[in-house]
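Here's the structure, in structure tokens; my notes come after.
Please treat every number below as a calculation from the coordinates, not as lab data. Small disclaimer: the values here were computed from a predicted structure and weren't measured. Cβ: placed from backbone, ideal geometry, glycine included. Neighbour counts: every protein chain shown.
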Amino acid sequence: MISWRSTWAIYKRELMRFLRTAFQSVLAPVLTTSLYFIVFGAAIGSRMPDLGGVEYGAFIIPGLLMLTLLGETTSNSSFGIYMPRFTGTIYELLSAPVGVAETLVGFVGAAATKSLILTAIILLTAAIFVDYSIAHPLWAFVFVLLVACSFSLFGFILGIWADNFEKLGIIPLLFLTPLTFLGGTFYSIDMLPEPWDTIALANPIVYLVSGLRWTFYGSSDVDFRISLGITVAFLAVCVGIIAFIFKTGWRLRD
């Protein structure tokens, strides 16, 4: 039985931390996204043909949204669990009558909420620069929520694994961001020549960008059901890893 009072306490603490760092957590990603729209949407997009009947400036919205979402969600979640380990306050949490479920729902729920807030702000920002529509708004919400929860869990694992600040940032900076750029953020993989279009399918971020793009425009490089299945599978794997970590105490009680 989940103690919702404990869950709410963890959730509220993490959300307040997010609000205290609003400039870094919200304004910086929004400014960066705005620059992408100005450069790629306005300057370059005006000279690009429509892709699948979608104006180029609108075509890149799902990719830019995923680029920000993955990086911010992973970083927020990993930092949220790393700092208690770094300062030693993690032992207060481990010794409290709080189970794994309460801890996960609190931490991941807060990270997912931050991601949804950030998503809404970016979509409002995008509307300033380009006209767009969302063909399947319910599926868009579900997909963004699944991705946010998955990478919140992934960030949670990263924050437990990291034993210094350098390791904390190495995955988002050296892996997630490059893979997102190469995952069809600014182009359709159908535009790539052989064999690069086939090689691109080995990039897992392709399926996330493609899935979100389908919810916006009803067309994508990969079947939406495949994108959804991969996201759910990644979520399940992360839950399994975290359950193992709490069961064994790996890096939590060192």
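Per-residue ellipticity at 222 nm computed for the chain from its helices equals -22500 deg cm²/dmol, with DSSP H segments shorter than 4 residues left out and the rest contributing -39,500 (n - 2.57). In degrees, nearest 10, range 0 to 90: what is the angle between the Cα axis of helix 204-217 and the longest Cα principal axis of the chain? The angle comes out near 60 degrees.
Roughly how many Å is it from the Cα centre of segment 81-95 to that of segment 175-240, as a whole number? Result: 35 Å between the Cα centres. Rounded to the nearest whole Hz, the Karplus-based 3J(HN,Hα) values (6.51 cos²θ - 1.76 cosθ + 1.60, θ = phi - 60°) of segment 55-72 follow the sequence 4, 4, x, 6, 4, 7, 4, x, x, 5, 5, 5, 4, 6, 4, 5, x, 5, with x at glycine and proline. Ordered by the count of other Cβ atoms within 10 Å of each Cβ, fewest first, S220, S6 give S6, S220.
Find which of V206, L138, I44 sits farthest along the positive direction of the dipole of segment 4-248, computed with +1 on the beta-carbon of Lys and Arg, -1 on that of Asp and Glu, about the Cα centre. Highest projection toward the positive end goes to L138. What the Cβ-Cβ distance of R13 and A236 gives, at R0 = 30 Å and to the nearest 0.05, is a FRET efficiency of 0.65.
Where does the Debye-calculated log10 I(q)/I(0) of segment 151-236 sit at q = 0.13, 0.26 Å⁻¹, using only Cα point scatterers of equal weight, no solvent? Debye output, listed in q order: -0.49, -1.26. Each semi-axis of the equivalent ellipsoid for the chain is √(5λ) with λ an eigenvalue of the Cα gyration tensor; in descending order they amount to 34, 19, 16 Å. Of all lysines in the structure, the ones whose alpha carbon falls short of 23 Å from that of K12, not counting any fewer than 8 places away in one chain, are K114. Magnitude of the charge dipole for the chain, about its Cα centre and with charges confined to Cβ atoms of Lys, Arg (+1) and Asp, Glu (-1), is about 960 debye.
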